[in-house]
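Beneath this line is the structure, given in structure tokens, with notes to follow.
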Amino acid sequence: MEAFGVVLAAALAVGLPALATAWAQSRIGPAIAASMAEKPELSTTAILMIAIPETMVILGFVVSVLILFRGAA
Amino acid sequence: MIIEMARLRILGPRDRLGDVFDALQDLGVMHLAEPGAPAPGVSPVELTAAQRREQRQLRRALDHVDRALAGLGLRAGPASRAAPRATRNDFARWARLGWRMRRAVDRLATREAALQEERALILKYQQFFGAFRALLESQSRWPSATAYHVLLRGGETEALIRLRGSLRELIGDAFELYSQPLPSGEIALLIVVAAPAAPQVERILAQARVQEIPVPASYGGGALTEAIPRMLARLSDLPAELEALRRERARLGQDHGAELRRARASLADRLGELEALPLSAVTARAFVIEGWAPARTRPTIEQRLAAGFGDAVVVTEVGKEDWASEDAPVVLSNPRLFRPFELLIRLLPLPRYGTIDPTPFVAVFFPAFFGLMVGDIGYGLLLGVLALVLRRRSQPGSTLRSAAEIAGACAVFTVLAGALFGELFGDLGRRWLGLRPIAFNREEALIPFLILAVSLGAVHVVLGLALGVAANIRHHPRHALGRGMSLVMIIAIILALLAAVHVLPDALLTPAVIALLAAFPVLIVAEGVVAPIELLSTVGNVLSYARIMALGVASVMLAVVANRMVGAIGSVAVGVVFALLFHLVNFAIALFSPTIHALRLHYVEFFGKFYSPGGVRYQPFGHWTREATR
């Protein structure tokens, strides 16, 4: 039961930020595409804007790894 | 680095202004600017009515020449330095040539479009005829009937049902409707109706908004069976006519291409001179031109003007205290090895003059981060091959060449990191070649990899803060002090953490905490109450480098999954195909995702500490080149 709890916690730690990232990118994507249609020089900003929400899922992944390691210890 | 610029002031007799502009255009190093504070009696040059007229005529002629060159499929290039300076007669001749050539290429383009359209139309009829050949050939048996040829888009079966219903409603059974799908996906309809019902059917077709294709009058109109042989004969003539047009275009290019290229360059040069003229100022007898040039080119400018004008024209340097550094144009100049990475800096607004050019740091850290994220000898070698192919296919100095060279550097670091982690297409090297990791195995040693990534982040962010101190120390000492205190506090936090987990001696913990407490009030004084928030975001910046570990682990796991497909799927051959496809997908992901994240780590985490955007692009007044247009 405890192992199940650890795995569930790890899954939630990466899954919830992944959903949040997906939601954020779904809003940013069309907005930045529309902006780039008018100002192509915004391509660098576009890269940054798309990459910024990914921090959430990356940190979630790190936390998930730490949870799994603590669970295994 | 950003090369040193000198603001130069050129003075001379007013009647030599045009000649001095010609000399400066030949030199091509001076970025012109409006003269500084106006003095009494000095006024900016205004173009005369004749010059404005000339400007309009030049623009029109340039447009004609550009369109003629584009129509002939020729690339414009700069004028030969050996060519004599163009005269007024030359410009008049080129204006006429441009107009004539533009009309000629427009005529050729119109004719070609008409022939292509005719070809497409005949091909459509050919398909139609093929679908109803037997029926159409028996058309002679219905002397009192009228035939309609209609095309429906693929999938418009409902329109067909509606059309059939409308016809039945209006004229009962006095019609025949045949439908056939065509190879193009469209549906061909042949509607045969009794001649008296023809006007009603035409009305129904118009209301249904279907595409009717009556036999064109140019092929005799009437029955399609009679027109088709004529159309097919015409179809066999069309390639020869198109070839004749191509030859005509090639001949025009051969006869006039060189002259058009010279005209393009000379017209643009003269236009550039007229546009630059208002940047100079004059008195009743003298002129003044000001602008920036790389400091090392000052002797060249002086020598060229002295050789051409003797003592009549004087070059002086405006003191640095008389101009604002943010107005000076920026030229990035880096060693050959670092130069391709200027491309990544140019994706952002240029750094201001007098600040730090981050190119050398990007050239070291960008491929290193990329390499750590991909970290596979196999993928590195593939990327290296891709970089070589791109390099071979690109022009020196082009964006593609820079991208290829950056990819080459990333490939080297990827191979090195692959050797460090013992990876060749995931765990394939380990299983087949007995490859062993030099540092650690990324599949298992997640925590060491995380520590490596965050440590690299700490080094990168600390370097950024140190550069922030260096960039601000002269002009914004308070800001530099704030950056310095952030630097001290980040180092103190790192030392305290390392001492707390017994990596460093425990004795370091107390001095690190004292340094932290001592630096905090100084930080508040220097940067204000928002400073603690900024400090927290800096700590967040360091943790953000954990993405190197996250992407690295994702990359190796995908590669391992690809390798396991060989055994997991029944047939070995199918498994190998799946594994190769999976590796291809992983390689494609490895090209994009690490690039975006390595860029983000630079632009947000690193540049945020010291980079001052807003530099003016260096645009020297010179002869026209394709690059200048870009």
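A few comments on the model shown:
- The residue that is surrounded by the fewest Cβ atoms within 10 Å (Cβ to Cβ), counting only those in region B:431-463 that are within 11 Å of chain A (Cβ to nearest Cβ) and in contact (Cβ under 8 Å) with a residue 12 or more places away in the chain, is B:Val454.
- Counted residues, region B:497-548 - those being within 14 Å of another protein chain (Cβ to nearest Cβ) and among the β-branched types (Val, Ile, Thr): 3
- When we screen B:Leu504, B:Leu509, B:Leu516, B:Leu536 for residues that are outside any helix (DSSP H, G or I) and within 25 Å of B:Ile451 (Cα to Cα), the only hit is B:Leu504.
- Among the residues making up region B:96-131, those that are aromatic (Phe, Trp, Tyr) and in contact (Cβ under 8 Å) with a residue 60 or more places away in the chain are B:Tyr125, B:Phe128, B:Phe129.
- Options A:Ile47, A:Ile32: the member that is more than 7 Å from chain B (Cβ to nearest Cβ), in a helix (DSSP H, G or I) and either closer than 21 Å to B:Pro594 by Cα or at pLDDT below 85 (or both): A:Ile32
- Of residues in region B:418-430 being of a type in the set (Gly, Ala, Ser), closer than 19 Å to B:Ala562 by Cβ and free of Cβ contacts under 8 Å to residues at least 60 places away in the same chain, the one farthest from the other protein chains (Cβ to nearest Cβ): B:Gly429
- Of residues in region A:53-73 being within 9 Å of another protein chain (Cβ to nearest Cβ) and surrounded by fewer than 16 Cβ atoms within 10 Å (Cβ to Cβ), the one modelled with the highest pLDDT: A:Leu66
- Filter result (among the hydroxyl-bearing types (Ser, Thr, Tyr) and either part of a helix (DSSP H, G or I) or buried (at least 18 other Cβ atoms within 10 Å of the Cβ) (or both)) within region B:559-594: B:Ser593
- Whenever a residue of region B:209-231 is closer than 20 Å to B:Leu152 by Cβ and modelled with pLDDT of 70 or more, its partners that are of a type in the set (Lys, Arg) and surrounded by 14 or more Cβ atoms within 10 Å (Cβ to Cβ), lying with C-beta atoms within less than 7 angstrom and at least six residues away or across chains, give the pairs B:Ile213/B:Lys124.
- Candidates B:Ala526, B:Ala518, B:Ala496, B:Ala507, filtered to the one that is buried (at least 17 other Cβ atoms within 10 Å of the Cβ), over 30 Å from B:Met373 (Cα atoms) and among the small types (Gly, Ala, Ser): B:Ala526
- For region B:114-165, taking the residues that are among the aromatic types (Phe, Trp, Tyr) and modelled with pLDDT under 75, the one that is surrounded by the most Cβ atoms within 10 Å (Cβ to Cβ) is identified as B:Phe128.
- B:Arg600 vs. criteria in contact with a strand residue (DSSP E or B) (Cβ under 8 Å, 6 or more places away or on another chain) and within 14 Å of chain A (Cβ to nearest Cβ): no
- Index of the failed condition, B:Gly552 passing every other in (1) within 14 Å of chain A (Cβ to nearest Cβ); (2) free of Cβ contacts under 8 Å to residues at least 12 places away in the same chain; (3) not acidic (Asp, Glu): (2)
- Residues within region B:347-369 that are assigned to a helix (DSSP H, G or I) and more than 14 Å from chain A (Cβ to nearest Cβ), tallied: 8
The values are calculated or read from the model by the stated rules, or taken from the named source; none is laboratory data. Nothing here was measured: the structure is a model prediction, and the numbers come from that model. Here the Cβ is made from the backbone with ideal geometry for all residues, glycine too, and neighbour counts use every protein chain on show.
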